[in-house]
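Report on the structure given below.
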Amino acid sequence: EPMSNVRNIQRCVHQLTRRTEVFSFWSRPSGNATCRTFRTLPEVCHKFSHPPRMNVSAITRFGRKLSTMSVTEKSTSSLMAKDIDSSGVRSLFSLWNNALATGDSRIVAKRYSKTSVLLPTVSDVPRTDFEGIKDYFDAFLQKKPQGEILEGNIHIGDGWCQDAGIYEFTMGTTGDKVKARYTYTYVFEDNQWMIAHHHSSVMPEGVDIAKSIDENEVRGLFELWNSALELDSDAVAKRYAKSGVLLPTVSDVPRSDYDGIKDYFDKFLINKPKGTILESHVHIGTNWCEDVGIYEFKFGVTGDVVKARYSFVYKVEDGEWKIVHHHSSMMPEAQLAAASKDNKIEDAEVRSLFKLWNDALATENPDTVAERYAKSNPCLLPTVSDIPRTDYDGIKDYFVNFLQKKPAGEILESYVSAGSDWCMDNGIYEFTMGTTGDKVKARYSFVYTLEDGEWKIAHHHSSQMPEEVVAKASLE
């Protein structure tokens, strides 16, 4: 095509960026013919990303050369092209960046290998195939990004190379500049260097990630609480966050403030309890962590030993890890087995109980939904209300507002446990709001008990996905 300006030359070179051959071509800077030899086409792109002059016939001869090389020449060239130096590795970023400049997500996606993995900057979803990678760049390219490497470290191996560091993007639509950390791992595939792995992440110091914590340190938070039991109820209550909720072992009343929590421990500490964790399962997120399992208390006054299940959820508040949720319950199997040995339920039946509740939502009648909850000491900890609902009227009141959105739920991930006269379903569900079409994920816990021969919801805890909450807060 006509080579009337630099942009046309760059476009021509870009069309050839998927070839990596050894070649020579002639240019005539200042009227003197010069032959330059390059081992890889990325080196050409690096050298001539902004060429001052380029002879049209040289480009033409170059294209003809690539198209007419013999199999032997190409095989030899490929072996040589596999050998790459630091400048060649760095130039691979230029190929990717030039692909961004086209605004075409297909061209960008073609820079990735057949088995590539992209962990994007602003998406939680790993992209592991062409369509997934293309889908990410469909949105990202609307900002017209152009990248620049600020700091990078290169490693080269046999058939692979890596470039990792910090890059900065200028968004053409807004002029905003955004820094991020990057890792590119390239592999030599089909005689060309392709991106096998691309991990991009926001600069962590710009995000409120609070204190780092490992599993042993999470379990150590229990010991802080356990030591407070030896002091007084004030010391224990101060271990809880300002918005902390305690669902105690031997009280039906949820405690959601300092006074309520202190009141419970005024009585509990009379027996001089000392706790020991028997089984622990730890999960760690950004600014939150969770310790769930079984603990045992020995009471100094009586010598009795009692096991219970526990859930501690901690968050950072004023620079210190605090208990934002504490749920403690007696071991259910012994209790329920004493009451009934015949009322077992299969996993599939447990999951079907969610459908009964979901069908009640579809009626858009808050009374119908509230009737799915137990009459005796129900507890609903809703997704978008701070207030625990512990009776029929409170539960109905919550759904008066919620049902206006015409929600329809679907379980995405479910973990079922069952015993005599009780069963539990925990996991992740998603709601589609009929009024807006919005989709919202949340974590759920349903505990069901038999009441008058029918399975009813005794406990329902629904919470927003914590990583999304932290991410939104950091942006604000």
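One table, with the values for the structure above:
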| quantity | calculated |
| --- | --- |
| Anchor K272: aspartates and glutamates whose Cα lies under 12 Å away (excluding residues fewer than 8 positions away in-chain) | E230, D232, D304 |
| V384-N153 FRET efficiency (beta carbon distance; Förster radius 60 Å; 0.05 resolution) | 0.85 |
| Pairwise centroid distance, computed over Cα atoms, of the stretch 389-455 with the stretch 271-335, Å | 25 |
| Mean separation of Cα contacts under 8 Å, 6 or more apart, over the residue count of the stretch 144-215: relative contact order % | 23 |
| Formal net charge of residues neighbouring S352 (Cβ-Cβ distance under 11 Å; K, R +1; D, E -1) | -3 |
| Sulfur and carbon atoms: percent of accessible area, the stretch 124-242 [1.4 Å] | 48 |
| Charge dipole (debye, nearest 20) of the stretch 271-330; +1 at Cβ of Lys and Arg, -1 at Cβ of Asp and Glu | 260 |
| Set K322/K456; K355/K375; K274/K375; K322/K405 screened for pairs whose C-alpha atoms are more than 27 Å apart | K322/K456; K274/K375; K322/K405 |
| At q = 0.15, 0.17 Å⁻¹, base-10 log of I(q)/I(0) for the stretch 279-419 (Debye sum, equal scatterers on each alpha carbon) | -1.11, -1.30 |
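The values are calculated or read from the model by the stated rules, or taken from the named source; none is laboratory data. Computed from a predicted structure; not experimentally measured. Counting neighbours? That spans all protein chains shown, and the Cβs are built from the backbone with ideal geometry, glycine included. Accessible surface is based on the protein model in full, side chains and every heavy atom, while ligands, DNA and RNA are left aside. Shrake-Rupley method; radii C 1.70, N 1.55, O 1.52, S 1.80 Å.
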